[in-house]
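Quick note: the coordinates plus some simple rules give every number you see, no bench work behind them. The structure displayed is predicted, hence computed values, not measured ones. Here the Cβ positions follow ideal geometry from the backbone for every residue, glycine too, while neighbour counts run over all protein chains shown.
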Amino acid sequence: MSLEKILDSENLEKLGALENKAAEDIIEHFVALCKPDKVTVITDAQEDIDYVRQLALDNGEEKKLEMEGHTIHFDGYNDQARDKGNTKILLPKGVEVSKALNTVPREEGLKEVLSIMDGCMKGKEMLVRFFCLGPLDSEFSILALQLTDSAYVAHSEDMLYRTGYEQFKKLNGSNEFFHFVHSAGELENGASKNVDKRRIYVDLQENRVLTVNNQYAGNSVGLKKLALRLAIKKANDEDWLTEHMFVMGVHPNGKDRVTYFTGAFPSACGKTSTAMLPGQTIIGDDIAYIRVDGEGQARAVNIEQGIFGIIRDVNPEDDPIIYKALTTPRETIFSNVLINNGKPYWLGMGMETPEDGMNFSGEWQEGKKGKEGKEIPLAHKNARYTIRISELENADKNADDPKGVPVSAFIYGGRDSNTNIPVVESLNWPHGVFVGAVLESETTAATLGKEGELKHNPMANLDFLTVPLSTYINSHLRFGEYVDKPIKVFATNYFLKEQGKYLNGMLDKKVWILWMEGRIYNEFKAIETPLGMIPLYEDLKKLFRQYLGKDYAKKDYDKQFSIRVDNYLEKFNRTEKIFKAEEKIPDVFWEHLQQQIQRLLDAKKKFGRSTIPPEQFTTD
Ligand code: OXD
Ligand code: MN
């Protein structure tokens, strides 16, 4: 079949203007397979973008809410998070990926997913979209072609990614782009019906991802977590970094400077709220490409231009900027929250919530139980919002700079209730790589499956590691050798608990980040512990007063920053087992692990106790 049979002259012309045979071939192939009734090519023109937004309303994927620009989209009851089980790498012979990922032999997996996709768009409209991952006209950027039968997916992408139609023209016919084919599949009450046939198959060989029978953006939106998987492979092959990281500007009061940080946290562990801290500026909250420029300076870009954020616990006190953004008129897609009288409600929003409404389970009233007999909460824990960063008052002015921003520090943070201290600076770059590689975190509602299980999650990137863990760690180690301006590495933990209660307030992270920023300029001394450098009580006391207007008690500091040696030793014991099961882990990693364990054992012996208060150690 040829495209002339299904595309009208206007759409054919739009496609033809790209002069890209590779793109045309892909479209032709998947039109023939998916058999849509109609194909619409969307350019960067406002009227095309408006068409997509209206289509999402017309076909019922989104509904208008009371506030100007706000819409609601519901994903199916069993389609509320990333589906790791059905996400598989199509593995050609001789290729390896991280052992943590599911794989299927390439030919077998392709056959399976292509047969599921056969006819999946019958009766539907296929949207053909072009986007750019990263700023326009930038060395960092990767172009992407998206085919989808979901106007919600296409609309989300307008908000989350930079336009790419005009950029595709500049490819001069090259096939150097990613492509994504998505179908929500057969729908029932607007939701994907055949979730048992949900497949998210990553084809590294063709730089493409095929995904079907799903709507949740973490599974459906090609440019987000699906492109992340392709980009990690590309970055490792080309010797730069693709990271699950925010990019933010830190602005100390009264000082005329901005210092850029990137930070990796597993999903739902405070990444967005760190990047959105009051007084700071945001570049991105989820995925960064990082390269070293000709002057030996690490530079980062946000591959996105919007936020697909977790809405749970966003309230005026803990996340004031996000809360304000979500409660004022602007283009916003809410997903899987509760709707009552045209207004959205979510868990932890800090106000009275209604007893009924419409949520991800359909009509809902308090006490409603699911099939499994468990009470259905008013909104899903992984309910989300989608907004554009440029509309926020805290958007960083360099967010679209094609050169990226200079990066001074990396942060690694996990959700851990009893071991890691709130903030610690690594001793040097390889130690920092070690610290990132041994990150552990409790699982959250952002992925399907059990919550609260402590899992190893190197650089918060494990779900996306399309190269062996050893390859990835080696890339990080090498990266440090390419930079002339060293990058400091910090580890944070916002989730320490005692008797079930958090030891820190949600905004304490502001103090940690301003301490880290000051360390870049040697403005604070630090205490050298077996784990690295930690803050002095006096400095934190001042910062708490200055930035949060709070007293920081010495006893809180002692509790939060004491080194719980036995817990750390247990952690490193787990780490050792995991890394021993991997192949070709670099020697440097093992040296750091042994030294780390030895420093902890020495301290335990020297001080004769297994919980060591910070002041036992000496200041630099
Ligand atoms: C996300 C995720 O949505 O990591 O960012 O799941
Ligand atoms: Mn993420």
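One table, with the values for the structure above:
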quantity	calculated
0 to 90° range, to nearest 10: angle between helix 151-160 axis and the chain longest Cα axis	40 degrees
Relative packing of 524-533, 342-351, which averages over residues the other C-beta atoms within 10 Å, highest first	524-533, 342-351
Most positive-pole-ward Cα, 260, 200, 183, against dipole of region 141-260 from beta carbon charges	260
Amide H contacts of residue 379 (H built 1.01 Å from N, under 5 Å, at least 5 apart or other chain)	347
Restricting region 430-465 to GluC sites (Glu not before Pro) in coil, as DSSP defines it, with at most 15 other Cβ within 10 Å	451, 453
For region 477-572: rounded, prolate or oblate by the Cα gyration tensor [a/c cutoff 1.5]	oblate
The chain: relative contact order as a whole-number percent, Cα under 8 Å and 6+ apart	14 percent
Estimated dipole of region 494-620 in Debye, rounded to 20 [Cβ of Lys and Arg +1, of Asp and Glu -1, Cα centre]	480 debye
Exposure proxy ranking, count of Cβ atoms within 10 Å, fewest first, for 103, 443	103, 443
Whole-number percent relative contact order across region 309-391, with pairs defined as alpha carbons under 8 Å at least 6 apart	38 percent
Theoretical gain in end-to-end length, residue 317 to residue 4 [0.36 nm per residue, Cα-Cα removed]	107.0 nm
Loop-located GluC sites (Glu not before Pro) in region 300-377 whose Cβ has at most 15 other Cβ within 10 Å (DSSP)	317, 352, 355, 366, 372
Simple label model, 7 Å out from Cα along Cβ direction - residue 54 to residue 13, nm	1.9 nm
Label point 7 Å beyond Cα of residue 24 along Cβ direction - residues of region 144-169 with amide nitrogen under 12 Å	none
Footprinting exposure proxy for 592, 380 (fewest neighbouring C-beta atoms within 10 Å first)	592, 380
Label-to-label distance, nm, for residues given as residue 341 and residue 403 (7 Å Cα→Cβ offset)	5.3 nm
When each of 271/497; 63/343; 88/225; 35/169 is checked by Cα-Cα distance, pairs over 21 Å	35/169
In order through region 34-42: 3J(HN,Hα) via Karplus (6.51 cos²θ - 1.76 cosθ + 1.60), integer Hz, x for Gly, Pro	7, 6, x, 6, 8, 10, 10, 8, 10
Coil-residue trypsin sites (Lys or Arg not before Pro) of region 14-117, DSSP, other Cβ within 10 Å capped at 10	93
Positive-pole candidate from 249, 328, 71, dipole of the chain, charges at beta carbon	249
Residues whose placed amide H lies under 5 Å from that of residue 209, excluding near-sequence neighbours	179, 180, 181, 203
Lys, Arg +1 and Asp, Glu -1 on Cβ, resulting dipole of region 309-391 about Cα centre, debye, nearest 20	300 debye
Computed [θ] at 222 nm, helices only, for the chain once each DSSP H run of length n ≥ 4 contributes -39500 (n - 2.57)	-8500 deg cm²/dmol
Residue order, fewest to most beta carbons within 10 Å, for 534, 287	534, 287
Antiparallel bridge percentage (DSSP; both residues within the chain; nearest 5)	65 percent
When region 300-355 is reduced to its Cα atoms, the Kirkwood hydrodynamic radius in Å	12.6 Å
Distance (nanometres) between label positions extended 7 Å along Cα→Cβ at residue 295 and residue 45	4.2 nm
Cβ-placed point charges (K, R +1; D, E -1), dipole of the chain about Cα centre in debye, nearest 20	2020 debye
Chain lengthening between residue 176 and residue 550 when straightened (0.36 nm per residue, less Cα-Cα)	129.4 nm
Computed FRET value (nearest 0.05) for residue 93 with residue 538, which takes r as the C-beta separation and R₀ as 41 Å	0.10
Extension gain, residue 196 back to residue 482 (0.36 nm per residue minus Cα-Cα distance, nm)	98.3 nm
Cα gyration tensor, region 413-537 - rounded (a/c under 1.5), prolate or oblate	oblate
Cα gyration tensor shape of the chain, rounded if a/c is under 1.5, else prolate or oblate by comparing a/b with b/c	prolate
